[in-house]
1. Using a Gaussian network model of the chain whose springs link C-alpha atoms within less than 10 Å, name the residue from ALA56, ALA296, ALA216 with the highest mean-square fluctuation.
2. Given the DSSP H assignment, sum -39500 (n - 2.57) over each helix run of at least 4 residues in the chain and divide by its residue total; what's the result at 222 nm in deg cm²/dmol, nearest 500?
3. Among THR174, ALA242, TYR67, which residue has its Cα furthest toward the positive end of the charge dipole of the chain, with +1 on Lys/Arg Cβ and -1 on Asp/Glu Cβ?
4. In a Gaussian network model over the chain where Cα atoms closer than 10 Å are linked, find which of THR93, THR66, THR110 has the largest mean-square fluctuation.
5. What accessible area per residue, rounded to a whole number of Å², is obtained for the range 171-311 using a probe radius of 1.4 Å?
6. Under a crude label model (7 Å from the Cα following the beta-carbon direction), how far is ALA119 from THR310 in nanometres?
7. If you take the charge dipole of the chain about its Cα centre, with +1 on Lys and Arg Cβ and -1 on Asp and Glu Cβ, which of SER190, THR110, SER43 is farthest toward its positive end?
8. Among ARG156, ARG169, ARG244, determine the one that fluctuates most according to a GNM of the chain built with springs between C-alpha atoms less than 10 Å apart.
Amino acid sequence: MIRRNLLKLTVAAAALSMAAGTAFAQDAAGAAEPVVIGVSIPSATHGFMGGLNWHAQQTIDRLGETYPNVSFVLATAGDAAKQVSDIEDMLATRDIDGLVVLPFESEPLTDPVKQVKAAGKFVTVVDRGLAEEGIEDLYVAGDNTAFGRVAGEYFRDNLKAGGKIVVLRGIPTTLDNERVEAFQAALEGSDKEILDMQHGNWNRDDAFNVMQDYLAKYPEIDAVWAADDDMAVGVLEAIAQAGREDEMVVVGGAGMKDIVKRIMDKDPQLPVNVTYPPALISSAIEMTALHFVSDAPMAGRYIIGSQLITPENAERYYFPDSPF
């Protein structure tokens, strides 16, 4: 298992368990101090974000019952401009004490989040880092370096000699850069060739169009790194329409249940997948709440490891009732 926790936090599981039995802060009269936490995330524009939105709402509902003094302001945005506006409104009119933000894009969200921090609020950044380091108090993410490295190592070790790969990148963000750089580093010095890399924006339709271009441009493709299961769905549809299913394998990421089921069934077109759970938003929201209701240290970095899903272990990652 590939796992690394770079934190000043205590081990997350221990901290969460400890908090369950920790009384929240009270004043001399015994009344709990009210806390407002803003949660700003992208809309459910694709499967992974649909799962992430679901986990965010479930966590907010649960914590609202557990900690009656804590309330949440949840806002979802379909683009960076809307998310900037949401965060400005939270700071100006909702008097938030803390912010959990998964940036739609890194660059446009950096200054607005910086303003929240300058106002003395506790800031948790999730998944996609900001363009400037050191703004947030807490960073929660999957291991993007491992996500790219694990996929690259699989291709390095399992593709035929001289294997040709096309890559679909996500939205331009720091995490996309981390993934791609690690993927390239894993292939460095091998005899595998990356033919092309284009942005599919973690979107099925965009990925479908990019893959159609690849199929028209390259008569020989041995593997596709889709770097996201939503993009993998678009890629698979383009390959099917071209009738080239037997020519190449596809590796996505995040553990979409339909993809994992095909791996369980030993579909030769989908040999493996790489984990990157949308439930990481739950960890971020819960840790932020713990900052206000317990003495557990919540400043630092919490990195959730990426693992290779294979036919041998796929059942462990298959959740048929999940929204993703």
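1. ALA216
2. Computed ellipticity for the chain at 222 nm equals -13500 deg cm²/dmol.
3. Comparing the listed Cα positions along the dipole, TYR67 ranks first.
4. So, out of THR93, THR66, THR110, the one fluctuating most is THR93.
5. 37
6. Label-label distance for ALA119 and THR310, simple model: 5.0 nm.
7. Checked the options; the winner is SER190.
8. Top of the fluctuation ranking is ARG244.
The values are calculated or read from the model by the stated rules, or taken from the named source; none is laboratory data. Since we're looking at a predicted model, the values are computed, not measured. When we count neighbours, we look across all protein chains shown, and the Cβ atoms used for this are built from the backbone with ideal geometry, even at glycine. What goes into the accessible areas is simple: the full protein's heavy atoms, side chains included, and nothing from ligands, DNA or RNA. Shrake-Rupley method; radii C 1.70, N 1.55, O 1.52, S 1.80 Å.
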